[in-house]
Amino acid sequence: MTSEELKSLKSNKVVDARGTACPGPLLAAKKAIGEIESGEIMEIFSSDEGTKNDIPKWCQKMTHEFLGIVEEDSYSRLFLKKA
Amino acid sequence: MSLEIDKQIQELKEQVSKLEKGTKDQLSMVVFSGDLDKILAAMIIATGAAAFDMKVKLFFTFWATAALRDPKKSVKGKHIMAKMFGMMLPKGSGRLKLSKMNMCGMGTSMMKGLMKKNKVASLEEMFSTAGELGIDINICEMSMNLMGFKKEEMIDYPNLAICGVATFLSDAQESKIQLFI
């Protein structure tokens, strides 16, 4: 998805994991994914550079669909669709 | 010809199902070291694996057992040697030292300060997260006996058990990942 398409998405859940270090964002994502239904969209805010590699790997393992990343000034927004 | 292929497919299916039964989506880890940095690494891997929906089984042995002591608890009626070990070994995860650059504790407290600044979870927080994620902690009975630790002085952890090498081996045998730290 392009970053324009991602920005226009309506997330069902936003997880703000900014400021936490590994494995904080991953654990926050794992906790929050249980609160949404299959097919819904979740967005993770992270200021941890490694998260951009970690979350796609996690999605692959958990069979969630990783949609893409939108870069903001001091953090990234990672989008995924729950399997 | 097609009969032969069917037979081969059947055989392959059986082999695959055997392989699938052999290993579970599980991580087994021996935590041997009593160093702050190494136990932190072990706990980060363990909680990460739990986030990957893996079953995680930690086997705490030797120096690592001291990290599971609860500083608020004490046990009376210990043998003199057990008392000495108890005094000399760190009482709980808050008392662990770095494996390098400890510098009489200065390095360790500097590292803890840095961890706080970089928002890295402390070991105490990691243990409570691990408990919430359903990570199993097994403590080696032999190590506890050697060092004179009693079950009553260990931390309140939801999935804590005392066991021996056979438990570790049977867990490790069916795990996809086995680690020793």
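Laboratory data are not the source of any read-out in this text; all were calculated from the coordinates shown. Note that the coordinates shown come from a computational prediction; the quantities given were computed from them, not determined experimentally. Note that each Cβ is placed from the backbone with ideal geometry, even for glycine, and that neighbours are counted across all protein chains shown.
Laid out as a table, the results:
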quantity	calculated
Contour excess over end-to-end distance, with Cα ends at B:I5 and B:F52 and 0.36 nm allotted per residue	13.2 nm
Cα-based convex hull, the stretch A:3-81, per residue volume (Å³, whole number)	78 Å³
Footprinting exposure proxy for B:V31, B:V165, B:V16, A:V70 (fewest neighbouring C-beta atoms within 10 Å first)	B:V16, B:V165, A:V70, B:V31
Cα-Cα pairs of the protein assembly as shown separated by more than 26 Å (percent)	53 percent
Using alpha-carbon coordinates, inclination of helix B:36-51 to the longest axis of chain B, degrees	40 degrees
Cubic angstrom per residue, convex hull over Cα atoms of chain B	137 Å³
Angle between chain B longest axis and helix B:106-117 axis [Cα atoms, degrees, rounded to 10]	60 degrees
On Cα atoms only, tilt of B:2-22 relative to the major axis of chain B in degrees	10 degrees
Cα-based equivalent ellipsoid, the stretch B:1-48: semi-axes from gyration tensor eigenvalues, Å	45, 8, 6
Estimated FRET transfer efficiency when R0 is 51 angstrom, pair B:M115-A:S8 (beta carbons, to 0.05)	0.85
Within chain B: Cβ-based charge dipole about Cα centre, in debye rounded to nearest 20 (Lys, Arg +1; Asp, Glu -1)	1120 debye
Positive dipole terminus of the stretch A:3-81, leading residue within A:S11, A:S76, A:W58 (C-beta point charges)	A:W58
Unit charges on C-beta of K, R, D, E only; dipole of the stretch A:5-80, Debye	200 debye
Dimensionless Rg/Rh of the stretch B:55-159 - Kirkwood Rh, Rg from C-alpha atoms	0.98
